[in-house]
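All of the numbers you see were taken from the coordinates with simple rules; none came from a lab. All of these numbers come straight from a predicted model, not from anything done at the bench. Note: ideal-geometry Cβ built from the backbone for every residue, glycine included; neighbour counts use all protein chains shown.
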Amino acid sequence: MNKIHKIRSELWRWSNFSFRFCFWFLVMAFSEPRLMLGELAPDFTATALVDFQFEDLTLSTYRGKYVVLFFYPADFTFVCPTELVAFSDRIAEFKVMDCEVIGVSTDTHWVHLAWVQTPRKMGGLGEIRYPLVADRNTEIGKKYGVYCQGDGNCFRGLFIIDRRGILRQITINDMGVGRSIDEVLRLVQALQYTDVHGVVCPANWKPGNETMHADPAKAIAEYFSKQA
């Protein structure tokens with residue numbers, strides 16, 4: 001009886017192992033690769049609406065500039081227009097930092113055009129002063145890991161890409177929560193400051209605030225002594 005029990009236990013152990021391995025293998029095989037900070041941002045070419053005209057936009061042509069690439073769920077919705085207008089209203093602040101802004105959704109370029117041609121008081125966007133990319137085949141959203149299979153739309157992913165085309169910031173919001181333009185500007189400012197000065201920026205850092213050197217022996221004590 002004990003021998004039968006041992007054999008049954010052994011079979012159960014191996015069957016569980018096989019199931020776990022197969023499950024892991026399937027997940028790894030069919031999942032989109034996860035983006036990591038410090039890697040090259042996935043390149044793409046797609047039709048974009050730029051100043052009421054259709055153009056082919058290729059991300060890699062922006063090398064030499066910072067880029068804020070943000071995804072939003074859909075045109076003619078609720079939270080999305082508040083974000084798109086907020087970015088557009090403050091585009092000059094990004095331009096001063098040699099930073100371009102690009103919006104992406106799974107809508108067609110024709111829908112983008114209809115949206116910007118509709119006045120804001122009538123539920124449209126009016127003029128938007130940066131490109132809106134049409135990710136109609138959803139390939140861009142999938143590359144960046146923000147495509148929602150169930151809805152056919154993208155989550156509110158935001159990616160800051162530096163002058164070398166390297167990913168420096170990844171933020172993904174749920175669809176119901178809009179993003180802070182103030183925070184996006186602050187992040188670009190902080191990343192550019194670290195690029196130039198070789199220091200690190202503490203919590204809530206803004207231009208003009210104290211920074212820190214990456215020296216574990218002295219940095220923390222010096223920083224907090226200045227805050228006292």
Please report, for the Cα atoms of the stretch 45-179, the Rg to one decimal and the Dmax as a whole number; what are they, in angstrom?
-> 13.7, 41
DSSP loop (so not H, G, I, E, B), at most 14 other Cβ within 10 Å: list which chymotrypsin sites (Phe, Trp or Tyr not before Pro) in the stretch 105-192 pass both filters.
-> none
What size of dipole, in debye to the nearest 20, comes out for the stretch 45-179 about its Cα centre when the only charges are +1 on Lys and Arg C-beta atoms and -1 on Asp and Glu C-beta atoms?
-> 340 debye
Would you please give the residues with an amide H less than 5 Å from that of Gly157, counting only those at least 5 places away or on a separate chain, with H modeled from the backbone geometry?
-> Phe71, Asn173
Within the stretch 168-192, what residues put their amide N at less than 20 Å from the label point 7 Å along the Cα-to-Cβ vector of Asn204?
-> 180-191
If the label point sits 7 Å along Cα→Cβ of Glu39, residues of the stretch 125-159 with amide N under 17 Å come out as 139-147, 157-159
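Work out the length of the dipole vector of the stretch 103-159 about its Cα centre, built from +1 on the beta-carbon of each Lys and Arg and -1 on the beta-carbon of each Asp and Glu, and round it to the nearest 20 debye. If you can, show how the numbers build up before the last one.
Details: 7 positive and 5 negative charges, 32 e Å.
Computed charge dipole of the stretch 103-159: roughly 160 debye.
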